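**Q** What follows is a single structure, and I will ask about it in a moment.
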Amino acid sequence: MSDNSTETEIETEAGGNGQAETAGRQIVVHAQYIKDLSFENPNAPDILIDPPQQPDVQIGVNVGARGLNSEQYEVILSLSANAKTEDKALFLAELTYAAIVSAPGASRDDLNPLVMIEAPRLMFPFARAIISDMTRDGGFMPLSIQPIDFVAVYQSNIERQKEALASSETDGEA
């Protein structure tokens, strides 16, 4: 994995430090931290007096990584939750949660999946708890984000990269 930033995005509907072992490979989490946190409650207090029964909640997920040095990477997991009714915004919660990780002994081929799949998988429960607490503290029911399939997110990103490469090669031949 190079020092360039790699990002993966997926949209879905809402409904500590450690190590993980993956088929003999390890990823080590050296630190986890909040990079950015935002909560907007534009229609309070009116919306809290008569809250809607079934708001529409859109969840956004973004995973990125960048090299910090020859062995460590910063993995960034961004979550957003946008809740609204037919005519009113309820809340917008945004979190950028990061971790410093390394994968000692990982081959170059194994490094990208470890950083882009396993690290976000380890980070997700902490980020989900922050979003849940933030929506509760904003006066709403705690938002419980369903588990995310980071393998599917990673594979989707690989397919998008292949399509973009094929498209640029086709454009170059014209």
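**Q** Six or more apart or on different chains, Cβ atoms under 6 Å: show the pairs whose first residue is in the stretch 51-73 and within 15 Å of Val29 (Cα to Cα) and whose second is hydroxyl-bearing (Ser, Thr, Tyr).
**A** Final answer for the pair search is Ala65/Thr6; Ala65/Tyr73; Arg66/Ser5; Gly67/Tyr73; Glu71/Ser102; Gln72/Ser102.
**Q** Return yes when Ala98 is modelled with pLDDT of 95 or more, in contact with a Lys or Arg (Cβ under 8 Å, 6 or more places away or on another chain), farther than 21 Å from Ile158 by Cβ and not aromatic (Phe, Trp, Tyr) and no when it is not. Walk me through how you get there before you give the answer.
**A** Details: modelled with pLDDT of 95 or more: yes; in contact with a Lys or Arg (Cβ under 8 Å, 6 or more places away or on another chain): yes; farther than 21 Å from Ile158 by Cβ: yes; not aromatic (Phe, Trp, Tyr): yes.
Against the criterion (modelled with pLDDT of 95 or more, in contact with a Lys or Arg (Cβ under 8 Å, 6 or more places away or on another chain), farther than 21 Å from Ile158 by Cβ and not aromatic (Phe, Trp, Tyr)), Ala98 qualifies.
**Q** Tell me whether the stretch 128-150 contains one or more residues that are small (Gly, Ala, Ser), out of contact with any Pro (no Cβ under 6 Å at 6 or more places or on another chain) and over 30 Å from Ile49 (Cα atoms). Talk me through it step by step, then tell me what you get.
**A** Just the residues of the stretch 128-150 that are small (Gly, Ala, Ser), to begin with: 129, 132, 138-139, 144.
From what is left, the residues that are out of contact with any Pro (no Cβ under 6 Å at 6 or more places or on another chain) are 129, 138-139, 144.
Checking which are over 30 Å from Ile49 (Cα atoms) leaves us with none.
Checked the stretch 128-150: no residue is small (Gly, Ala, Ser), out of contact with any Pro (no Cβ under 6 Å at 6 or more places or on another chain) and over 30 Å from Ile49 (Cα atoms).
**Q** Suppose we keep only residues that are outside any loop (DSSP other than H, G, I, E, B) and of a type outside the set (Phe, Trp, Tyr) within the stretch 82-92. Which one would you say is nearest to Leu37 (Cα to Cα)?
**A** So in the stretch 82-92, the residues outside any loop (DSSP other than H, G, I, E, B) come out as 82-84, 89-92.
Those left that are additionally of a type outside the set (Phe, Trp, Tyr): 82-84, 89-90, 92.
Values: Asn82: 14, Ala83: 17, Lys84: 20, Ala89: 19, Leu90: 17, Leu92: 11 Å.
Taking the candidates together, the pick is Leu92.
**Q** Might you let me know whether the stretch 137-148 holds any residue that is surrounded by 16 or more Cβ atoms within 10 Å (Cβ to Cβ), over 25 Å from Asp46 (Cα atoms) and among the aliphatic types (A, V, I, L, M)? It would help to see each step written out before you state the result.
**A** As a first pass, look at the stretch 137-148 and keep what is surrounded by 16 or more Cβ atoms within 10 Å (Cβ to Cβ): 138, 140, 143, 145, 148.
Filter again for over 25 Å from Asp46 (Cα atoms), leaving 145, 148.
Among the residues that remain, those that are also among the aliphatic types (A, V, I, L, M) are: 145, 148.
Scanning the stretch 137-148 turns up at least one residue that is surrounded by 16 or more Cβ atoms within 10 Å (Cβ to Cβ), over 25 Å from Asp46 (Cα atoms) and among the aliphatic types (A, V, I, L, M).
**Q** So, one more: Name the residues in the stretch 43-59 that are more than 15 Å from Glu86 (Cα to Cα), more than 14 Å from the chain's Cα centre (by Cα) and surrounded by 12 or more Cβ atoms within 10 Å (Cβ to Cβ), would you? Let's see the steps before the verdict.
**A** Residues of the stretch 43-59 that are more than 15 Å from Glu86 (Cα to Cα), as a first pass: 44-46, 48-49, 59.
From what is left, the residues that are more than 14 Å from the chain's Cα centre (by Cα) are 44-46, 48-49.
If the condition is that a residue be more than 15 Å from Glu86 (Cα to Cα), more than 14 Å from the chain's Cα centre (by Cα) and surrounded by 12 or more Cβ atoms within 10 Å (Cβ to Cβ), then Ala44, Leu48 are the ones that fit.
**Q** Out of the residues in the stretch 37-81 that are of a type in the set (A, V, I, L, M) and assigned to a loop (DSSP other than H, G, I, E, B), state the one that is farthest from Ser107 (Cα to Cα). It would help to see each step written out before you state the result.
**A** The first filter runs over the stretch 37-81 and keeps only residues of a type in the set (A, V, I, L, M), leaving 37, 44, 47-49, 57, 59, 61, 63, 65, 68, 75-77, 79, 81.
If we keep only those that are assigned to a loop (DSSP other than H, G, I, E, B) as well, we get 44, 68.
Numbers: Ala44: 52, Leu68: 18 Å.
In this case the residue turns out to be Ala44.
The values are calculated or read from the model by the stated rules, or taken from the named source; none is laboratory data. Just so we're clear, the structure is a prediction, and the values are computed from it rather than from any experiment. We place every Cβ from the backbone using ideal geometry, glycine too, and count neighbours over all the protein chains shown.
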